[in-house]
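The block underneath contains the structure these notes are about, expressed in structure tokens.
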Amino acid sequence: MPRSEVCLLIIFTADIIKKEVISMTVDEIKKEIRAFLSKYIREPNINEDQDLFASGLLASLFAMQMVLFIEKKFTIKVENEDLDKKNFATINALASYVSHKTSSEKIDR
Amino acid sequence: MNTEITGTQASMHDEFTSFVDKEIAPHADKWDQEERIPAEIIGETARRGYLGAFLPECGGVKMDMTTYGLLCEEIGRGSASLLSLLTVHGMVSLALARWGSEKQRERWLPGLASGEIIGAFALTEPDIGSDARNIGTIAEAEGNSYMLKGEKKWISCGQIADLFLIIARFDGKPTAFLLEKNTPHLKIEPMKGLLGFRSAMLAHLSLDNCQVPSENLVGKAGFGFSHVAGTALDFGRYCIACGSVGLTQACVDATLKYACERKQGGSYLRDHQLIQEMLAEMIAGSKAARLLCRKAGSLKDLGDPESIMETCIAKYFASRTSLKAATDAVQIHGANGCGSEYPVQRYFRDAKILEIIEGSSQIQQIMISKYSADKERRGINV
């Protein structure tokens, strides 16, 4: 396949993923977050308001792993102004942050 | 995992190899003895776009991480000290590109990308190495500025840096600040006579109430270690891992040549079985380490969260492999390996540093084993 067609295919695929993310409900976002956390967290039945960082459940590398997960899974960019514990501390906070970011992008579009 | 590189990456790799063969490797021993890398070489490295290779928005070459790994491997093959420039300069650039404000990015990234501004990463202190969360450097707010007070030690390229990324404690929380070299009350002292990385121009920084404007805070207070330094250190580990592969390759090249030229007991060293054992270990180690680096680079290019742990594993294995290879390279060279006539003594000294910087082997072991044990407890295959 010619390179230009590959590029178009990548852009097209990314656009489809982005549309899927934008149409996600908060519960669907939480489900994705839980699936991600299950790979890293030491406790399977964590409360949605439990502080992920304060509870010592996570390894020190987790902060950046979470950023990469959010950006890849929800195709959003975590900006420096988003660096606020209230955005990342709990499952509820994360879901709310992602939902807010994706709906902002929807408005931008 | 696809371990093959693309045609474009192979072509870039050829360019890096040629640069190192012509401009770096033949002179690295001299630089090591003089404890400095000539400004012209740093200028040439910058002119080729290697210092800001992953900063596309600022005129950089926009190199993917796999290709950047190839660059680090080749530079590491030629000079571990020059590798340390790419590492720390890249750490500052990437942390700023990732977490800097728009104003900070506009102000600093073009210069960092072109190499007109050299960056250095300042986390380590006289009393704080691996225990980086408990840094002693303090930042205090004063009007529209911060006052930084403390000591930073073992700062690679600190002698030539224009801009330091300082990790300090503000209001008890780890926070990152940009500090320009000409800031009053900043004292920069060269560190000489080190075991390795001798031409990396390390410095000891003394910050005696250095005033920085409030807009020099990078990211947010409290995120200086987890996110700003976290981004920088992950990148730094990747550079060191790839550079370690290069140093191991240099050991292989030098030792194979020597073993094919040197005779003992009437036969070439290459024909002695005990020498063959060391050569085989060295060669197999270099190939295994290279694959780990490729995997880490490939995951980085995908933005995969697993890239962080895979980078730790690559750094751990590659740096240890380089030290083992360098130790055996000196052993095979015998007395010749201890003199300045052959480069293996420099490889040996530099390899020891590779095992210490950007997280010692012991810190990597703790991270890797804890991470893996946690996964095991959750029933996830490691």
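The values are calculated or read from the model by the stated rules, or taken from the named source; none is laboratory data. No experiment lies behind these values; they were computed from the predicted model shown. Cβ atoms come from the backbone with ideal geometry, glycine included; neighbour counts cover every protein chain shown.
Observations, loosely collected:
So that you can scan it fast, the table gives a plain yes or no per residue for (1) more than 14 Å from chain A (Cβ to nearest Cβ); (2) of a type outside the set (A, V, I, L, M, F, W, C); (3) touching a helix residue (DSSP H, G or I) at 6+ places or on another chain (Cβ under 6 Å):
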{"position": "B:D171", "(1), (2), (3)": "no, yes, no"}
{"position": "B:T175", "(1), (2), (3)": "no, yes, yes"}
{"position": "B:K181", "(1), (2), (3)": "yes, yes, no"}
{"position": "B:H185", "(1), (2), (3)": "yes, yes, no"}
{"position": "B:K192", "(1), (2), (3)": "yes, yes, no"}
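- Any hit, segment B:3-15, residues being in contact with a Lys or Arg (Cβ under 9 Å, 6 or more places away or on another chain) and buried (at least 17 other Cβ atoms within 10 Å of the Cβ): yes
- Of the residues contained in segment B:317-324, none is found to be in contact with a Lys or Arg (Cβ under 7 Å, 6 or more places away or on another chain) and within 14 Å of chain A (Cβ to nearest Cβ).
- Helices (runs of 4 or more DSSP H) contained entirely in segment B:53-129, each with at least 3 residues that are modelled with pLDDT under 95 and more than 14 Å from chain A (Cβ to nearest Cβ): B:102-114
- From the list B:I357, B:I353, the one residue that fits, being within 30 Å of B:T124 (Cα to Cα), away from chain A (no Cβ under 14 Å), assigned to a loop (DSSP other than H, G, I, E, B) and touching a residue at least 12 places away in the same chain (Cβ under 8 Å), is B:I357.
- Scanning segment B:206-258 for residues that are over 23 Å from B:F164 (Cα atoms), among the hydroxyl-bearing types (S, T, Y) and either within 14 Å of another protein chain (Cβ to nearest Cβ) or within 16 Å of the chain's Cα centre (by Cα) (or both) yields B:S244, B:T248.
Listed here are the residues, each with its yes/no results for (1) of a type in the set (F, W, Y); (2) out of contact with any Gly (no Cβ under 9 Å at 6 or more places or on another chain); (3) farther than 18 Å from B:L233 by Cα.
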position	(1), (2), (3)
B:I313	no, yes, no
B:A326	no, yes, yes
B:V330	no, no, yes
B:G334	no, yes, yes
B:Y342	yes, yes, yes
B:F348	yes, no, yes
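- The residue that is farthest from the other protein chains (Cβ to nearest Cβ), counting only those in segment A:58-105 that are in a helix (DSSP H, G or I) and of a type in the set (S, T, Y), is A:S103.
- In the set (1) under 30 Å from B:W31 (Cα atoms); (2) not in a strand (DSSP E or B), the condition left unmet by B:G136 is number (1).
- Considering segment B:266-304, the residues that are touching a residue at least 12 places away in the same chain (Cβ under 8 Å) and within 15 Å of B:H333 (Cα to Cα) include one that is surrounded by the fewest Cβ atoms within 10 Å (Cβ to Cβ), namely B:R270.
- Among the residues of segment B:360-382, the one identified as away from chain A (no Cβ under 14 Å) and assigned to a loop (DSSP other than H, G, I, E, B) is B:S360.
- The residues of segment B:126-153 that are crowded, with 21+ Cβ neighbours inside 10 Å and closer than 28 Å to B:K192 by Cβ, listed by number, are B:I135, B:T137, B:L148, B:G150, B:K152.
- Residue in segment B:12-27 that is in contact with a helix residue (DSSP H, G or I) (Cβ under 9 Å, 6 or more places away or on another chain) and assigned to a loop (DSSP other than H, G, I, E, B) present: no
- A search for C-beta distances below 9 Å between a residue of segment B:173-190 that is hydrophobic (A, V, I, L, M, F, W, C) and any residue that is part of a loop (DSSP other than H, G, I, E, B), counting only pairs 6+ apart in sequence or on different chains, returns B:A176/B:G219; B:A176/B:F223; B:L178/B:G100; B:I188/B:G158; B:I188/B:Q159; B:I188/B:A161; B:I188/B:K181.
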